[in-house]
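For reference, the structure discussed in these notes is given below.
We did not get these values from a lab; they are worked out from the coordinates using the rules stated. Keep in mind it's a predicted model, so treat the numbers as computed, not measured.
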Amino acid sequence: MGGPNRLPNFLCSPFNVAISRTTSTSCVNVGKNMRSTIPSMSVCPSISRVILYVKNIPKVAAFYETFFGMRRIAEEPGWLELESPSGGCRVALHQASKTQKSGAAVKLVFGVSDVQKFVDAAAARGLKFGPVHGVRNGLGHEFANAKDPAGNSISISSRGCQHTQSQLS
């Protein structure tokens, strides 16, 4: 797998997502029976970051750095922002208030081409995922769930990643 800043080769490229973008009257292809309410624009806004409210920023940052290869890109009191070397949405860690509950109703999903291989590699480094679930309709995909140290739901999923036949059998 390489050094600490090197991502495993089974992580999904950010360019393998299943959203088609257009430059006509809509930004996202929403299907033949749905109409987009997004006005025509030359550039469509993308999700730039997800904010997680956490009580222990250093502990949660170390978790995402260790298990997902994320790097710190901005840090100030009560705020730390991480990005993946392969691109995609950033994760911002915001200091939670003392009364805020842990584990907000959000799930971060990391794309991997081989879910079981990632689960095994993470387990060897101390992160335990739940069972690998297989979804076989259409092209099929697999996923597994876990929690970060702040109680936020995380998932790894092969949805949108390129599959080999052996991964689906």
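The table for this structure:
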| quantity | calculated |
| --- | --- |
| Net length gained if the chain between Thr66 and Lys117 were fully extended (0.36 nm per residue, minus Cα distance) | 16.7 nm |
| Sequence-distant residues sharing a close amide H with Glu142 (under 5 Å, placed H) | Val135, Ser158, Arg159 |
| Chain lengthening between Gln95 and Ala124 when straightened (0.36 nm per residue, less Cα-Cα) | 7.5 nm |
| Rh (Kirkwood; distinct C-alpha pairs) - the stretch 47-97, Å | 10.7 Å |
| Nonlocal amide H pairs with Ile51, under 5 Å, H built at 1.01 Å | Ala92 |
